[in-house]
Amino acid sequence: MKIFMIFALITVLSFGLFAEEQSSTQKGTKNMDAILLVTFGTSDPEAKKAFVNIEKLARAKFPVYEIRWAYTSEMIRRNLAKKGEILLSPEEALLKLKEDGFKNVYAQSLHIIPGEEFHQVVATVVKFKKDFDKLIISPPLLNSMADVKKSVKLMLSKVPTERKKEDAVLFMGHGSGKHPSDMIYVAAAYEIEKSDGNAFLATVEGNPTLDDVLAGLKGKKVRKAYLLPFMSVAGDHAKNDMAGSEPDSWKSILAKNGIESAPVMKGMAEYDEIVEIWLEHLEKTIKGL
Ligand code: CO
């Protein structure tokens, strides 16, 4: 009886091992579906942790997909290449995916708004469509008013808890002055102010401007403002234009207006719940919804 049980145990164990071996072989067989994460990019190694976080969460949510990156900013790719770090443009990344035999590719835009950069990626995708069974572009973070509301609510929840009620919160969006999608920042600013009377959003290169917001800050006699990037990474703009010491930085301009700054150097993509919005877009795109 005992011998039989041991035999049975060995059978179960060896079957278990075999099963594991089989599944690892299956894992080894190449899946021909890929996700291409497309971002503006950053040359700031510190800011890059936001991308590491996106990749970690994307791998967890889509384990069977090949995951690759593309940077839309030529300037950033050039700067990184000088340091020996080769990043591909969306075009180069799609060529490589084609060469490597991938059949279905889902390009996820990690941009904030469907602006200039996003539409360039759309044009590239259209160009490469014939090279794949399926090549689909998935929308950026703020692609509907629902996305705006969700993101604003999340970002307001990330304001440091030591903030007092009379302290202001000022988000720095990128802005895209010449693109119609710039209006999405105006919509986000509206949602922010509606949710919290002392919270505002202004942009570096679009609307609303810092001037638009300054009047409100002064009218409310604000003495201290928490500054948060409304951008995927806390990169160049956050470091220099938001929290830098140059006379034209927001910190300096606010100081001139009697407002002390408390910068929070964390990009939106460092918050898992924000990344989840991008990944929900991707999931819908993959499912064809
Ligand atoms: Co910029």
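The values are calculated or read from the model by the stated rules, or taken from the named source; none is laboratory data. A quick note: this is a predicted structure, and the numbers were derived from the prediction, not measured. No Cβ is skipped: glycine too gets one built from the backbone with ideal geometry, and neighbour counts run over all protein chains shown. Just the protein is used for accessible areas: all its heavy atoms, side chains included, with ligands, DNA and RNA removed. Shrake-Rupley method; radii C 1.70, N 1.55, O 1.52, S 1.80 Å.
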Can you put Arg59, Arg78 in order of accessible area, largest first, using a 1.4 Å probe?
Arg78, Arg59
Which ³J(HN,Hα) values in Hz, rounded to whole numbers, follow from the phi angles of region 43-57 under the Karplus curve 6.51 cos²θ - 1.76 cosθ + 1.60, where θ = phi - 60° and Gly and Pro get x?
9, 8, x, 5, 6, 5, 4, 4, 6, 4, 5, 4, 5, 4, 5
Rounded to the nearest 500, what is the chain's calculated 222 nm mean residue ellipticity when only DSSP H runs of at least 4 contribute -39500 (n - 2.57) each, over all residues?
-14500 deg cm²/dmol
On the formula 1/(1 + (r/R0)^6), with r taken between the Cβ atoms of Glu273 and Lys165 and R0 of 22 Å, the FRET efficiency rounded to 0.05 is 0.40
Straight-line reach from Lys130: which lysines fall under 20 Å, measuring Cα to Cα and dropping same-chain residues less than 8 apart?
Lys96, Lys98, Lys103
Given N residues in region 177-289, what is its alpha carbon radius of gyration divided by 2.2 N^0.38 Å?
1.18
Kirkwood Rh, the chain, all Cα pairs: how many Å?
21.0
Between region 60-119 and region 248-289, how many Å separate their Cα centres?
21
Volume per residue of the C-alpha convex hull in region 103-187, rounded to whole Å³:
107
What residue among Ala215, Ala202, Ala187 shows peak mean-square fluctuation when the chain is described by a Gaussian network model with Cα springs under 10 Å?
Ala215
Taking protein heavy atoms only, a 1.4 Å probe, and rounding to whole percent, the accessible area of the chain owed to carbon and sulfur comes out at 58
Compute the helix-to-body angle for 90-99: its Cα long axis versus the longest principal axis of the chain, expressed 0 to 90° and rounded to tens.
0
